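Notes follow once the structure below has been shown.
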Amino acid sequence: MFHTTPGNSLDAASGSPDAPLHQLGASAPRRVDGLLSLNFRSDGITTRLDVRAQQPPLQVVRAFPNGNATLVHLQNVSGGVLGGDTLTTQIDVGACANAQVTTTGATRLYRSRDGAADSLQRTHATVGDGALLEWLPDPIIPFAGSRSRIETSIELGDDCGLFWWEVVAPGRVAHEELFAYDLLDVQFDIRATGVPIAMEHYRIEPAARSLASQVRMGPYRYLTTFYICRTGQAPTIWLALEEELRGIVMAHSRQHREFWGASTLSAHGIVVKGLSNSALRVNEALFAIWNAAKLRLYGTEAVAPRKVP
């Protein structure tokens with residue numbers, strides 16, 4: 001079932017309905033406040049999606065069955081994120097529900113206009129007891145001159161799972177825009193039954209601090225993070241999975257082309273980090289890691305999300 005409660009249509013310049021024309025001058029920085037709130041719930045047989053709120057430019061069109069999960073595609077109808085935009089996504093996966101979330105394409109962080117605030121993307125996810133959330137978006141592409149902040153927080157219940165990856169591209173590679181953006185500030189945290197198990201904050205300012213340094217990106221272009229969690233598992237499970245994933249990432253690591261590593265969290269999970277010069281190789285490595293972890297933790301193979309036009 002797909003149920004939606006339409007949000008109010010907001011004026012792109014002022015963020016309020018029916019703004020007077022004199023507020024829409026060419027010099028006024030464009031700004032939108034987008035909101036998408038999704039609830040996945042299990043009826044005991046399948047997972048159903050309710051759209052609690054949908055405020056442009058964020059939207060979903062429908063849900064699809066995909067393996068044992070219900071799949072949705074997040075869309076930004078404006079095509080990307082502009083300076084001053086605040087986009088909030090809330091994902092609530094109820095007890096025993098199985099949700100898979102992807103995007104219809106890369107997240108494009110556009111050049112900030114003069115006088116515009118940094119763009120902000122907030123994502124908050126809760127995963128209920130016995131539930132599973134697989135968050136599998138396409139890469140983030142920061143355009144030249146963009147200034148962006150990304151804040152993510154995740155709450156995990158009992159015996160629930162999480163597969164959550166994020167890939168940051170160097171820019172528009174085809175346009176030879178390599179690390180031409182001004183700022184990318186990322187904050188990320190996971191709590192399991194109220195206890196922090198992962199907290200991460202990195203800030204990339206290519207013009208201020210060279211990414212070619214060996215303590216930063218070195219010779220690599222793509223930065224990948226993949227969190228794999230299932231609460232309540234014995235520490236021996238994570239040690240065995242860590243060893244297995246290290247074998248996989250070592251097979252994908254090649255000097256000056258790719259470099260991967262895997263490490264257990266304080267509890268309930270593993271984080272995999274990767275640096276690469278090839279978007280295709282990133283995708284291959286992510287699927288291999290995801291499939292191995294899904295088999296060990298759930299006894300089933302990973303099912304890649306179908307893409308829609």
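The values are calculated or read from the model by the stated rules, or taken from the named source; none is laboratory data. This is a predicted model, so every value here is computed, not measured. Neighbour counts run over all protein chains shown; Cβ positions are idealised from the backbone, glycine included. Just the protein is used for accessible areas: all its heavy atoms, side chains included, with ligands, DNA and RNA removed. Shrake-Rupley method; radii C 1.70, N 1.55, O 1.52, S 1.80 Å.
Screening Cys96 with (1) within 13 Å of the chain's Cα centre (by Cα); (2) part of a loop (DSSP other than H, G, I, E, B); (3) of a type in the set (A, V, I, L, M, F, W, C) gives one miss only, at (1). Only one entry of Gly34, Gly94, Gly83, Gly105 meets the criterion of being without any contact (Cβ under 8 Å) to a residue 60 or more places away in the chain, open to solvent by less than 30 Å² (accessible area, probe 1.4 Å) and either among the aliphatic types (A, V, I, L, M) or in contact with a Phe, Trp or Tyr (Cβ under 9 Å, 6 or more places away or on another chain) (or both), and that entry is Gly94. Consider segment 162-188 and keep the residues that are of a type in the set (Val, Ile, Thr) and touching a strand residue (DSSP E or B) at 6+ places or on another chain (Cβ under 6 Å). The one that is surrounded by the fewest Cβ atoms within 10 Å (Cβ to Cβ) is Val186. The set of residues in segment 140-161 being open to solvent by 50 Å² or more (accessible area, probe 1.4 Å) and either of a type in the set (Val, Ile, Thr) or under 26 Å from Ala293 (Cα atoms) (or both) consists of Glu151, Glu155, Asp158, Asp159. Scan segment 200-226 for residues that are under 22 Å from Leu120 (Cα atoms) and either in contact (Cβ under 8 Å) with a residue 40 or more places away in the chain or open to solvent by less than 30 Å² (accessible area, probe 1.4 Å) (or both) and the total you get is 7. Condition first: within 23 Å of Leu286 (Cβ to Cβ) and of a type in the set (Val, Ile, Thr). Now tell me which residues in segment 158-214 satisfy that. If the condition is that a residue be within 23 Å of Leu286 (Cβ to Cβ) and of a type in the set (Val, Ile, Thr), then Val167, Val168, Val173, Val186, Ile190, Ile197, Ile204 are the ones that fit. Inside segment 90-103, residues that are of a type outside the set (Gly, Ala, Ser), closer than 20 Å to Arg122 by Cβ and out of contact with any Pro (no Cβ under 8 Å at 6 or more places or on another chain) make up a count of 4. The residues in segment 57-93 that are charged (D, E, K, R), in a loop (DSSP other than H, G, I, E, B) and within 18 Å of the chain's Cα centre (by Cα) can be counted, and the count is 1. How many of the residues in segment 251-299 are more than 18 Å from the chain's Cα centre (by Cα), open to solvent by 50 Å² or more (accessible area, probe 1.4 Å) and of a type in the set (S, T, N, Q)? Summing the residues that are more than 18 Å from the chain's Cα centre (by Cα), open to solvent by 50 Å² or more (accessible area, probe 1.4 Å) and of a type in the set (S, T, N, Q) in segment 251-299 gives 4.
Okay, residues lined up against (1) of a type in the set (Gly, Ala, Ser); (2) touching a helix residue (DSSP H, G or I) at 6+ places or on another chain (Cβ under 8 Å); (3) under 18 Å from Ile140 (Cα atoms):
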position	(1), (2), (3)
Asp189	no, no, no
Gly194	yes, no, no
Arg203	no, no, yes
Val249	no, yes, no
His252	no, yes, no
Ala262	yes, yes, no
Asn277	no, no, yes
